[in-house]
Structures are given as C-alpha cells and as structure tokens.
Amino acid sequence: MLRSFRKAETMKSQVLFLFLLSLLRGATSQQIQYSIPEELDKGSRVGNLAKDLRLSVQELPARKLRISAEDFFSVRAENGDLLVSGRIDREKICGRKSECAVEFEMVADNPMTIFHVSVAIQDINDNAPHFIAKSIDLEISELALPGVKFPLHSAQDADVESNSLKKYFISRNEHFSLSTKQSPDGSKYPELLLEKPLDREQQNSHSLILTAMDGGDPPLSGTTLIRILVTDANDNAPVFSQDTYRVSLQENVPRGTSVLQVMATDQDEGINAEITYAFLNAPASTSLLFILNPNTGDITTNGTLDFEETSRYMLGVEAKDGGVHMAHCNVQIEIVDENDNAPEVTFMSFSNQIPEGSDLGTVIALIKVQDQDSEQNGLVTCYIQEEVPFKLESTSKNYYKLVTDGALDREQKAEYNVTIAATDKGKPALSSSTSVTLHIRDVNDNAPVFHQATYVVHVAENNPPGASIAHVSASDPDLGPNGHVSYSIMASYLEPRALLSYVSVNPQSGVVFAQRALDHEQLRAFELTLQARDHGSPALSSNVSLRVLVGDRNDNAPRVLYPAL
C-alpha cells in the first residue's frame, strides 16, 4: 500500500524548476532546483538537466556531465536525465528539519561550467507515531483532587509538518480525560487530567489505552498502555523553579563539564518530599551526551558536543517525589560555535597544460572553498601564496576561478608551482592549502634567427664542383616541430636557372655548395637571399643575405692583341 502511495505521489508531483543564470568570465555558475517526495524508487526520473540547462542532446558527450551526489543521484549520459540512484530517506538525511534538500554540484567541460543543483525532499507519511515504553506506570493518590494533571511520556514520530504527531486520546473511562500540550520546541505531549475522585477501596488500579495519531492522509497511529495504581496520602506535587531553563555552552567542552542545575520543591514532608530527577522521553543520542544526577538535579556533559552536528538540545526533565506526584520542565541548551574546522580547498575542474601567450583572464581551474564552521568562523579568504602570473576571481558562493594574470612565455619559464591557501576569520584563524603544478605548453611564437646579420665568403675560382663554400646557421627556441629549422635559397640577382647551376643549400645543415667551378673572369661576385623556416603551424621564417666573392687565380697566359701576328 505504501509503495502504491509513493508511486501515486510521484505521478502527481510537479517538478519545481528554478533556473538562475549568471554569466561569468570564462566559467558559468547556474542553479537548478527540483522537488521530489522521499522514498522514490531507484531509477525514478527527477528532471532533465539537459533541457533545464538548454543543452542539446548532441553536445552532451562532449560536455561530460558529472555530479557530486552519486549516493543519491546519477545523470543519464544519453539524454541528460537526473535519476534516483539510491534510497532517499528524508528522516535519515535531514532528521526533523522543516526544510530538507540535497544540494550538490554538477560540472561540465567544454566550456568549463559549474551548476548548483538543489533537490528538495518532500516528506511522506511513512512513519507511524510510536512510544518508547511499552507501558506507562502511574501511581495516583486516592486523595488527589479532580483537576490534577499528569504529564505523560510523548510518542516519537520521525515525520515532519502535516505528517508529524498531532494529537493524543485515551480509551473511554469515567475518571480521566486527556489533552494534547505543546512544548517550547514545538513537540506535543499528552497530559492526563483527573476528572473524578478515586477510591482505592473500590478500585485500586486502572488500565487505559493511550493512542498517538499523526496528521497524514491516511493518518497513522501508535498505542501504549497506561497502568494507574491508586495509593494513599501524598497530596502535594513537586514544583520546578522554572518552566524552561536556558543555558549556552561552548562546543568541545571537556566531558564532565557542568551545564546547569534544575531544582524542584515539594511541600510534603518525609519520604513524600524526597525528589528524584530523570530525563523525560530523551532520545538515546541525547542521553549519551548528558548525565542528570537523580538526587541533585545537576546536568553534566558525557560526550563531545559538536556545533556542526547539532546546535541546540531540548531536554525534558521529570521530578518525582517519594510518593506519586511528578512535575516536568524543559532545559534548552544552545551550543556556541568554536573555530575548530579549517577551510577545505577542492579543485572541481583543472587543466595543467596552458598554452603560452594565453589571453589575460583565461580560466585554468575552478576551485571550491568550504568551512563547516558558522558566522565569522566560517568566512573564508582564498589567495595565492606565490608571485605568479595567475590570480583568483570569486565567481559565486564559495567558488573561485584560477585565471591568468600576466604573459606566459614557455621559453622563459616552462612551469609554475601554485599554492592555493584558504584562511578563515576565526580567532585564532585556521588555514589550509593545496599546491598544483601548471605546465606551459609551447606554441610557435618564435621565428628562426640567423647567427649573423649577413654572410660574406671568399671562394677561389676553379673550385671543384660540389665543394662547400659557406655555412649559414639559425636557431629557434621553440620545441619540437616549432623549433626544427630548414634552409632554402629564396632569391638572387642571377637568373633562376643560372642560380641552380651555381649553388645549392642543404635544407637540414645550412651548408652552401658550389654546383660548378667558378670563374673569376666571368663572375667576380654574386649575392643570395637564404631563408630559415621552422615547421610550426603556421610556419615562421627569417631571411639573411649571403655575398660570394670569387677570387682570381693565375689561370690565364698573356695574349698579344696588337700588333696582330
């Protein structure tokens, strides 16, 4: 029946969606809200993240959606559906808080984006009220006057709001009636009222069925037995000095620290005025943290108090005299936060290969900073410890972008060690840090440079063909193909065909060869333009001038031109 109810609730539930888009520089922060009932079946659809974020199905594989709440939800890669992947028990997740939500982050790549997702968990009536004790035993004097009230142990109901415990009633009888009362913390407890005097000689005991009912539809209920023993003589009940005791206590105080003392008085004498104290209807977790001295009313700590787990405790204390009368009061303990949690720095997305020459403001990483403390103790300042060409920019609550803040030149520095530190504003302040290494990726931003501005070589005529006559050299500081240099002849005042017959250059070494024997009498000098070109994309190049001077040798005998023979 409960499973059918859940499925019906699922079909009826309207998924609430709130889309907040704030455009940030280089990265985007968005927030989505959904609402679902608890205890949905595994695989139930919460909503479509792709549709709500205006992402097409085609781009989902490239965006690589991933979330940080894998215990409860998962994302279907094919269509961007947000699905239930684990049991969602509202009472286990949020206890008795009036509002309950699972908040997590979804990160997408290309471009780097953080989405804040909040799934509100609606309560369903899946817990019936129940009493801790199987029975409630009361001793009431036959001298008790009509109108005397007896506070009873309350029932527990893990559900909240309309599904929580609403009222009590008892089985029909002529001596007692029942009313439902409310404690300062909002919880309801039953109070038994004596309507008609008791006569122990006629009836020395009474048995009543006490029923607790919640406000669900349909309502659920639980019962316990009230066993009343009618006794004689004690006609005054204890009275506390206050209805509600309030105290503030620092978290992490040592075990055995005194909290306060409750005190009740009884106008009776002797054993009827001897008062003992006990916790009233205290949860097991509370009774482990506090000890109540039954004779003095002193309350002391018995465990570690953690503000981040619980910031307030409401204890019920019962005072019972040596006879049959009881009274109760409430003790409200406020836990004061201490700065006992250092900030946490988490990289949500990170790229450690950064192209040199990247624009200012290029996003390198998305960082989340979190401190579990509250108020000033939870306010965090995030900064970079080193002097580096990077800076942090706040994007949204607890989130920062690591962006470039200066020129990056791999030829000057190939990597940077960056330490992200976070310090809270507590006293004393606590801090933590995380270090990363950023590698600068080479781009083809340097053209080859010749070692000389111009080259001039002297070559004696009649050289053997294929002889090396010059060597030009250029260097490129880039890496790999970007720094690999090839040489070629670009221009000369010689005709192209004649040039090829005179000289050539080795493209790898830059050595210039004479293709033929040079003749000083025919060509005394010539000039070439050589080019050094790298293998980058696009390629970069530079030119240099090479002047070749052909030296004379005594390779021609004198000739008599006049008079002619």
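Read the figures in this text as sums done on the coordinates, not as results from a lab. Everything numeric here is computed off the predicted structure, so don't read it as measured data. Using ideal geometry, Cβ is built from the backbone for each residue, glycine included, and neighbour counts are taken over all protein chains shown.
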- Where the Cα atoms of the stretch 239-336 are projected onto their three principal axes, how long is each span, largest first, in whole Å? 45, 21, 20
- Order the peptides 153-159, 270-276 from the highest to the lowest mean number of other Cβ atoms within 10 Å of their residues. 153-159, 270-276
- FRET efficiency estimate (nearest 0.05) - Cβ-Cβ, residue 434 to residue 513, R0 60 angstrom: 0.50
- Item | Cysteines in the chain lacking a second Cys C-beta under 4.7 Å | 329, 382
- Note on the structure: Dividing the helical contributions, -39500 (n - 2.57) per DSSP H run of n ≥ 4, by the residues of the chain yields a 222 nm value, nearest 500 deg cm²/dmol, of -1500 deg cm²/dmol
- Note on the structure: Under 18 Å by backbone N from the virtual spin label 7 Å along Cα-to-Cβ at residue 58, the residues of the stretch 97-113 are 110-111
- Cα-based count: Lys pairs in the stretch 334-428 below 24 Å, eight or more positions apart or different chains? 12
- Query: Between the stretch 262-339 and the stretch 178-209, how many Å separate their Cα centres?
  - Reply: 22
- Query: If you bin the C-alpha pair distances of the stretch 135-231 every 10 Å from 0, what whole percents do you get?
  - Reply: 16, 46, 26, 11, 1
- List the trypsin sites (Lys or Arg not before Pro) within the stretch 400-475 that fall in a DSSP loop (any state other than H, G, I, E or B) and whose Cβ has at most 15 other Cβ atoms within 10 Å. 413
- For the stretch 344-441, share of DSSP beta bridges that run antiparallel, in % to the nearest 5: 90
- Task: Return the Cα extents of the stretch 67-110 along principal axes one, two and three, sorted largest first, each rounded to a whole Å.
- Result: 40, 18, 13
- Query: Going 7 Å from the Cα of residue 180 toward and past its Cβ, which residues in the stretch 118-152 have a backbone nitrogen under 16 Å from where you end up?
  - Reply: 125, 127-131, 152
- Task: Using DSSP, restrict attention to beta bridges with both residues in the stretch 135-231 and report what percent are antiparallel, rounded to the nearest 5.
- Result: 75
- If one compares the long axis through the Cα atoms of helix 2-12 with the longest principal axis of the Cα atoms of the chain, the angle in degrees, nearest 10, works out at 50
- Note to self: C-alpha centroids of the stretch 387-451 and the stretch 105-138 sit apart, in Å, by 39
- Item | Cα-Cα P(r), the stretch 449-551, percent of pairs per 10 Å interval | 15, 47, 27, 9, 1
- Here the alpha-carbon Rg of the chain over 2.2 N^0.38 Å rounds to 1.81
- At 37 °C and 0.692 mPa s, grab the translational diffusion coefficient of the stretch 211-281 from Stokes-Einstein with a Kirkwood Rh over Cα pairs, rounded to a whole number in µm² per second. 193
- In the stretch 239-336, what percentage of the DSSP-assigned beta bridges are antiparallel, given to the nearest 5? 75
- Note on the structure: Low-density loop chymotrypsin sites (Phe, Trp or Tyr not before Pro), the stretch 428-509, at most 13 other Cβ within 10 Å, DSSP non-H/G/I/E/B, are 493
- Item | lysines with Cα under 22 Å of residue 97, excluding same-chain neighbours fewer than 8 positions away | 166, 167, 181, 188
- In nm, spacing of pseudo-spin labels at residue 137 and residue 223 (7 Å Cα→C-beta vector): 2.2
